[in-house]
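Note sheet for the following structure.
The values are calculated or read from the model by the stated rules, or taken from the named source; none is laboratory data. Keep in mind that what you see is a predicted model, and the values were worked out from it rather than measured. With ideal geometry, Cβ positions are generated from the backbone for all residues, glycine too; neighbour counts draw on all protein chains shown. Ligands, DNA and RNA are excluded from the accessible area calculation, which covers all protein heavy atoms including side chains. Shrake-Rupley method; radii C 1.70, N 1.55, O 1.52, S 1.80 Å.
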Amino acid sequence: SKAMASRVSAQNQLHRISLLGALLVGFGLRHFHLGAESFWYDETVSVYLAQKPIAAMLAHTAGDIHPPGYYLLLHLWQWLTHPSLAHGLEFLYAWPSLFFGQLLIVLTYGLGRKLLNRNSGTTAAWLTAIHPFHLWYSQEVRMYTLGAFLGLLCLWALLQLSDRENVTFRQRQWLTVYVLSAAIGMYTLYYFLFLILALNLIAILLLIHQRRRLLHWFAAQLGVLLLWRPWLPIFVHQAIDPPVPP
């Protein structure tokens, strides 16, 4: 039994080292040439909106193809870091995308480990660390790594709810995380709605025989709707009459 415990401990240590390696390699690849290229059109729009006063930004995004969440984050970030042509303009504005791209590696590992096993989680973390699309969007001044991070966080919260027979205090905490993440996701990307619909289908399949937990889940959807309510009329208008950007 001591030999087995020692072997398990060694394997756990190897997995920790491998995950740390994935994070370091992922950070290095995402940092490589970060901000070396000039902004393209969509990135310029991000920076343009982030530099507006908040009221003007909200008024603009009310008629735009994306809600204001990411631009508000970028507004706060540029207020803290003061990017400029003389001080890392492209580099600094891309950092939020890199940050959430790194968090995606951690979440992907956690989901792979939870759904399958630790080896799968480690493999998934490495694939996320080096995948060209992940590298691309982790260096782009747009909202896509933030949206992906929030989506995986919502999925993680759902899986936490499906763990035990009774709804525990910890699971209620994760439901709160879900409500906040889903609401922020809807303020970040209108297409986040499709992910929420998919998560609700998964929840029904997972919890169909567990009425109490399913009721908790649907109560969480009401919480998301209430937080998103201020922007809902604008979304409905955009869905019925989509704006065409100039």
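Looking at the structure I just gave you, is Leu107 under 23 Å from Leu199 (Cβ atoms) and within 19 Å of the chain's Cα centre (by Cα)?
For Leu107, the condition - under 23 Å from Leu199 (Cβ atoms) and within 19 Å of the chain's Cα centre (by Cα) - is met.
I'd like the residue in the stretch 228-246 that is open to solvent by 80 Å² or more (accessible area, probe 1.4 Å) and part of a helix (DSSP H, G or I) and, out of all such residues, is farthest from Thr44 (Cα to Cα).
That would be Arg229.
Quick check, is Leu103 open to solvent by 20 Å² or more (accessible area, probe 1.4 Å), in contact (Cβ under 8 Å) with a residue 24 or more places away in the chain, assigned to a helix (DSSP H, G or I) and not acidic (Asp, Glu)?
yes
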